[in-house]
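For reference, the structure is listed below as C-alpha cells.
The values are calculated or read from the model by the stated rules, or taken from the named source; none is laboratory data. Because the structure is a prediction, the values reported are computed rather than measured. Note: ideal-geometry Cβ built from the backbone for every residue, glycine included; neighbour counts use all protein chains shown. For the accessible areas, the whole protein counts, side chains as well, though only heavy atoms, and no ligand, DNA or RNA atoms are used. Shrake-Rupley method; radii C 1.70, N 1.55, O 1.52, S 1.80 Å.
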Amino acid sequence: MDTKFISELADIINTKGLRELEYSSKDERILLVKNYEQYDDKLDIDSKNFDNKNKSVENNNLPVESNESFESDDEINCDCENIKANIIGTFYDKPSPDEDAFVHVGKTVKKGDVVCIIESMKLMNEIKAPFDCEILSINVENEEIVEFGQDLFDVKVIK
C-alpha cells in the first residue's frame, strides 16, 4: 500500500467528517482513526497483512490538513448507523459483472432499496436498506467473503 493512497484515505476522513475509516483488500487492511484524545489533527494508522505476517505501523506524526475543529455541526447531529450482513456468504456490489454498482459513497438510498447481494449456498440474497440513508463508506470489496453481523456499509440516517 503506497503513501499516496493512505493520504487519500486521510483526506476522505477529513472531508466526510469521519472519526475512522477502514479499507481492506484480500491481502491488506488499513484502519485510520482520528486521534481525539489529544485533540490534534493526527491519525493513528494500523496496517495488517492477512497472511499471518502481521505488519503494524503506527505514525502519530502524520499531518492532516484541516481548518475545522474535530467536531463539526454535521458530526454532532449525525445519526450514523451500519448496514450489517444478515447471512454468511460472498458480497456482490452489483447485480451482474457488467452492470453498475447498487450504491456508491455519497449515494442516497430509500428504505427497501437493494444495496448489495450476498450469495450463500447458491442463493442470491438481496440486502436492502432498513431506512432512508446516505452511504458514507463501503467496508467490503466486491466478491469478498462476509460473516454474519459484519458491517457492510457506514451510513447516515436521513429523517
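Structural remarks
- Of all residues making up segment 103-119, the number that are in a strand (DSSP E or B), open to solvent by less than 40 Å² (accessible area, probe 1.4 Å) and within 14 Å of ASN142 (Cβ to Cβ): 4
- Test: residue in segment 120-128 that is part of a loop (DSSP other than H, G, I, E, B) and in contact with a strand residue (DSSP E or B) (Cβ under 6 Å, 6 or more places away or on another chain): no
- Condition met for ILE87 (open to solvent by less than 70 Å² (accessible area, probe 1.4 Å) and part of a strand (DSSP E or B)): no
- Taking the listed residues ASN60, ASN54, the one that is exposed (fewer than 11 other Cβ atoms within 10 Å of the Cβ) and at pLDDT below 50 is ASN54, with no other qualifying.
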